[in-house]
Every structure is written in C-alpha cells, then in structure tokens.
Amino acid sequence: MFTGMIDGFNMELHVLRHRLHIASMQKKDLDLFSHSLIKLTLLHQHTSCKFFSFTETCDDFSVIIDEHGFSELPSRTELMVQPTIWLVLNAIPSPTDADGNAGLTKTTKSLIMLLADQKISIYSLSTYQTDFVLVREEDYDRVVWCLQPHFAVFWEQEDGEMIPVALEGIQHTSPLTPTEPKSPRPIVHYFQSPDNHFLVTSLQPELLSHISIALLQLMFYSDRFPPGSVCTGTEEYWRMIKIGNLPLGFDESGIAAQISEPLAEDNIPMYYISTFLNDHTLVSELDIDHALSILKSKQGHNVTELS
C-alpha cells in the first residue's frame, strides 16, 4: 500500500466508481429536459443514477451526471456534451483539515496543486460536505503516478469496498514534469465578483420531499424564487468570484490552482465550482475584499479583472 504525508499526516485518495458526463443546456431549452431533471432530482430512488449535479449560472445550466443518469436525458442537439468520460477523486480530509473552516480542505488543495504541476486538467466541484476533483479517464494512469508518492490511492469497488491501487497495473508512458523549484502561478484569466450573495447548505436525500416545491421553483423558475423559501440554519453569506469572461474549455490545466493557491496561503476558506463554461470560487462575504486584493496581485501582466 502506498502512503503519503502532509504536515506529518497520512493522506488517502479515493477514486470513486462513477464514470461521469459533463453537459450544458441553454436556459431557453430547459423545458426540453424538465421531465428528466425532475425525475433525477426528486425521484432519484427510481433511477440507477448515483451522481448528479445541476448548476445554474447566468449563462447556462451545467449538468454533471453518471452514465446511468445520462441515459435518462433526451438525446437532443440542444444538450451540449463534453465528449470525455470523467473519473471522480475524493481526497479524504486529514487531521490538518480539522480547523472548522468550510469549503475546500487543505488535503484537496494539495491534490489540486499536484495535478496542476503536472499539467493535468481537472474539473473541481465543492459541496457542503465533500470536495470532488474530476479527471479525464484517459489521464487516470498519469494521475495515479503523480499522486501516489503523496497519497495512499484506493479504487472503489461495486460493493463500495476500497482496495489499494497497485502501480503494477498502471501504464506510464511519459515522465512526470519536475516540480522543483516551484514556479509561480500567475492568474491568466479575467475574473470578476458579481453582487450576488450565496448561502451554502445541505439536505439528506430522504428529506427532499419536504422542500420539493421550493426546489422546483429554484431549478426552473429561479427568477421568481421567493426569498426565505429554504431555511439553511446559517446566516453566513458567500460571494462569488467568476473566472473567465469567455468559455474556458476543458483542455487547459492549472486554473483552479491559480485561484485557490494564493487564497489558501492566506487561510481564506473557499468553495470551488467548475461549470461547463467557467469556473467559480465562493469566499465568505467578510473575506471578499481581501480575496480580490490577493488575486489582483497575482494577475499576469496582460490580464485585468472585469468591472
């Protein structure tokens, strides 16, 4: 078994068994997929789907979904699908993460930096309780070679059991990029912070029926969603930093690291949410001015933030 350390603690990395598709639909086309989306959201127990994410932005609706759930969606040209299959990495929090901060754990941040150093493209998705880092299935061998000196890597079986990944079964055809001395990561994309305020919360699946009407309003009629319809039990507001004023694509690496590394060095809690078109970071409203100041100082000479 492989072991890794961070600040003296072992780190575990779980490769989950999901094989995911990433897709997008324009807002005007949402009604074409509403039946399937309602089934996947509120009647998930009647499907075989085990991983489903639905994110609304001002530009589109982004969907991350496993192969079983993807088969529930209509096959239409209005659904833009990234052609690659993605695997899910879940870095198990180490004792160094037990600091009470919300958002990306230190362990996940270290994972993002290591993959960025090797120019491996990722898709990051923070939730209330867990951070997921998606990598292309075709990059799996490189990912394991990159991370095994730092993590104990496990593969999830169909029954949920985690078994160690053996390097003997991993094909490695290209050498890893030397990472010492560490090079700086200038921010190469535009970013901006809209005035929106966000609340971050969580709900057990069996309780979805209690807020089904509010959830449907939020998903399909967000412009008419009444304030206070969902009680979060918290009054901590978060502000968004949107990265990229044009679609970022899926081939570029290091975008999440460029944003999360300087904020992590200043101990600013954050969530990181990739969508089909752009990336987004959430930071506490109390930290937004400081976070923007830090990011501005890291911008490349040819980039200025949007107003």
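Counting only helices (runs of 4 or more DSSP H) that fall entirely inside region 183-297 and contain at least 3 residues that are modelled with pLDDT of 90 or more and not hydroxyl-bearing (Ser, Thr, Tyr), the qualifying elements are 255-265, 288-297. Once region 3-18 is narrowed to residues that are outside any strand (DSSP E or B) and surrounded by 19 or more Cβ atoms within 10 Å (Cβ to Cβ), the residue that is modelled with the lowest pLDDT is Gly4. Would you check if there is a residue in region 73-80 being within 19 Å of Thr281 (Cα to Cα) and not assigned by TED's automatic domain parsing to the domain that holds Ala264? Looking through region 73-80, none of the residues is within 19 Å of Thr281 (Cα to Cα) and not assigned by TED's automatic domain parsing to the domain that holds Ala264.
Kindly check whether there is at least one residue in region 43-61 that is assigned by TED's automatic domain parsing to the domain that holds Thr84, of a type outside the set (S, T, N, Q), at pLDDT below 95 and in a helix (DSSP H, G or I). Scanning region 43-61, I find at least one residue that is assigned by TED's automatic domain parsing to the domain that holds Thr84, of a type outside the set (S, T, N, Q), at pLDDT below 95 and in a helix (DSSP H, G or I), so the answer is yes. For region 238-268, the set of residues classified as within 24 Å of Thr201 (Cα to Cα) and more than 15 Å from the chain's Cα centre (by Cα) consists of Trp238, Arg239, Leu263, Ala264, Asn267, Ile268, listed by residue number.
Being farther than 24 Å from Gly244 by Cα and either at pLDDT below 95 or of a type in the set (A, V, I, L, M, F, W, C) (or both) is true of Phe33. Of all residues in region 190-210, those that are surrounded by 11 or more Cβ atoms within 10 Å (Cβ to Cβ) and aromatic (Phe, Trp, Tyr) have Cβ atoms under 6 Å from Cβ atoms of residues that are in a loop (DSSP other than H, G, I, E, B) and modelled with pLDDT under 90, 6 or more apart or on another chain, in Tyr190/Asn245; Tyr190/Leu306; Phe191/Glu305. Collect the residues in region 122-157 that are surrounded by fewer than 17 Cβ atoms within 10 Å (Cβ to Cβ) and within 26 Å of Ser202 (Cβ to Cβ), keeping them in residue-number order. Answer for region 122-157, where residues must be surrounded by fewer than 17 Cβ atoms within 10 Å (Cβ to Cβ) and within 26 Å of Ser202 (Cβ to Cβ): Thr127, Tyr128, Gln129, Thr130, Glu156.
Being more than 30 Å from Glu138 (Cα to Cα) and either out of contact with any helix residue (DSSP H, G or I) (no Cβ under 8 Å at 6 or more places or on another chain) or exposed (fewer than 15 other Cβ atoms within 10 Å of the Cβ) (or both) is the filter here, so list the residues in region 19-68 that pass it. Residues satisfying the conditions are Lys27, Lys28, Asp29, Asp31, Leu32, Ser34, His35, Leu43, Gln45, His46, Cys58. Taking every residue in region 287-300 that is under 17 Å from Trp238 (Cβ atoms) and pairing it with any residue that is surrounded by 14 or more Cβ atoms within 10 Å (Cβ to Cβ) and among the charged types (D, E, K, R), at least 6 positions away or on another chain, the pairs with Cβ-Cβ distances below 7 Å are Ile288/Arg239.
The values are calculated or read from the model by the stated rules, or taken from the named source; none is laboratory data. Everything quoted here is computed from the prediction, not taken from an experiment. Don't worry about glycine lacking a Cβ; one is built from the backbone with ideal geometry, like all the others, and counts go over all protein chains shown.
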